[in-house]
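The values are calculated or read from the model by the stated rules, or taken from the named source; none is laboratory data. Because the structure is predicted, anything quoted here is derived from the model rather than measured. Cβ sites come from the backbone with ideal geometry, for glycine too, and all protein chains shown count toward neighbours. We work out accessible area using only protein heavy atoms, side chains counted, and drop any ligands, DNA or RNA first. Shrake-Rupley method; radii C 1.70, N 1.55, O 1.52, S 1.80 Å.
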Amino acid sequence: MESDTTEIESTAAAAAELQTPLQSESVVGGKGEDKVEGDATPPPHKRQKTEKDDDADADEPKEKQIEESEEQVPQLVAVERSQISLRQFNRIPVFIVDYHNDVLEFIYRCLASRHLPLERNVLVHFDSHPDLVVDRDIPASASYDKDVMLNELSIENWIMPTLYAGHFNRVVWLKNSWCQQIPTGKHQFKIGHKEDRIGVDCPLDYFISEGNYCTSDELQEARSVELQVHDADSEALDPAEFLSEKDAGAFILDIDLDFFSTSNPFLEIYKDANCYEQLTEIFHFESVEPAKRAGTATIADFCATAETRQKQLDALKRIFWHLEEERTFDGLERPDESVITPQVYAKILHLAEQLQAKYPDDEIDWLLIFDSGSTTDNNGLPHHISTTKELEDYFAHFKRFLQRLPVPPVAITMAHSARDDYCPQDQVAFIEEQVLRLLREVFGDKLHEKAILHYMDDPWDVMKL
């Protein structure tokens, strides 16, 4: 087999410093290891590895930690499609992870091995969540560093750096009608950076609520991207609306199994204290959507709302970080009343009193509570445990979509989302089985005979698929 190194060195436009191959391991752990008794069990947190994961990596033989491919992987430096010759898989591979951000390991490998062009790919994303959050703690410049991306990103924020880096320029979010985080339609906007933090000029609540809205003039190194949002539980859905033969060779089909049935794990944290409902009131912010619908919203309104929201989140974060460190309000500087009103501050005090009355102090994770509150923006996370009949309908819609595809995907990535409790654990195996069955029925011999089970540590090598 001819190595990546030889071919890439012969292509001047793609010349880059070479790295060792990706490690075939889960790069982020789950937060389900820290348990709180009773109804207070927190959902998984995936920003850091657990001790269990570290022990498993230490015990694993070195040769299994390193991908078996002999080829080296170049750093992800963007080049024009016309400047490179793309490889083709013998059959469509299916790469299955548990934590959704782990699909990046496979996508980056496909980019580096030239099974995908490095720019302007299309991500068709079946999910109950957009996964388009921006991590404010990761510099925009790190979007080109795969090691940082694989180690620092999480389930909710893995897509935006790939848009910023240009690997994808179109995302199609396919959801069920009970998901309301982003309105259906076509959203075209710029993505760039402001002071080395990724931002967008898209004035949707979804982006404003995280403090990621910027004006076009503020964005540096901006790119144009397109986000399409469609309800997939509709017989009218036609992929020809957003895919064509021109997308052959540059299209990833991405499936989160929680698309078919999803829970909101934050509903269960500190349930005895009615925590989530109280956080919804504490984290509420005034949306610009009514003014947009009335046609009276201006860029100044978007900027003011984004600035107010960012100040609110910063102030709330300081409060909850203080509680995590000090375990008391003593020594906490009262926030600016124009940012956190006395009424909202009183609600925070009331929440703390109820939590401390219901749970031992060492079981109260104030940072988890802050993260939980951050999900309670005006639309919030969906919670819809599907019935057997609903699942049958969703499977039928999914199969119809596959049959209507104008071109097959280069690869299929899939996420269980079971360890983080977004896909119900008593349904996930059945859903996976049915999705794989439908993929085989539609694609037949074009599909690789065996899915790569990343969550079971299957060895894999893109050069042998």
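The table below lists the values:
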item: Matching strands (runs of 3 or more DSSP E) fully within segment 197-316 where at least 1 residues are in contact (Cβ under 8 Å) with a residue 24 or more places away in the chain and open to solvent by 10 Å² or more (accessible area, probe 1.4 Å); result: 197-200, 220-231
item: Odd one out for ASP102, checked against (1) crowded, with 22+ Cβ neighbours inside 10 Å; (2) under 26 Å from ASP458 (Cβ atoms); (3) at pLDDT below 50; result: (3)
item: Residues of segment 409-426 satisfying the condition of being among the hydroxyl-bearing types (Ser, Thr, Tyr) and in a loop (DSSP other than H, G, I, E, B); result: SER417, TYR422
item: Qualifying residue in segment 373-389 (condition: in a helix (DSSP H, G or I), more than 21 Å from ASP135 (Cα to Cα) and modelled with pLDDT of 95 or more); result: yes
item: Which listed residue is under 21 Å from the mean Cα position of the chain (by Cα) and either in a loop (DSSP other than H, G, I, E, B) or at pLDDT 95 or above (or both), from VAL442, VAL435; result: VAL435
item: Candidates ALA411, ALA304, ALA396, ALA357 - the one that is farther than 30 Å from ASN212 by Cα and not assigned by the TED database to the domain that holds ALA250; result: ALA357
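Table: residues versus (1) touching a residue at least 24 places away in the same chain (Cβ under 8 Å); (2) polar (S, T, N, Q); (3) closer than 30 Å to TYR206 by Cα.
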position	(1), (2), (3)
ALA352	yes, no, yes
TRP366	yes, no, yes
ILE369	yes, no, yes
THR375	yes, yes, yes
ASN378	yes, yes, yes
HIS384	yes, no, yes
THR387	no, yes, yes
GLU392	no, no, no
ARG400	yes, no, yes
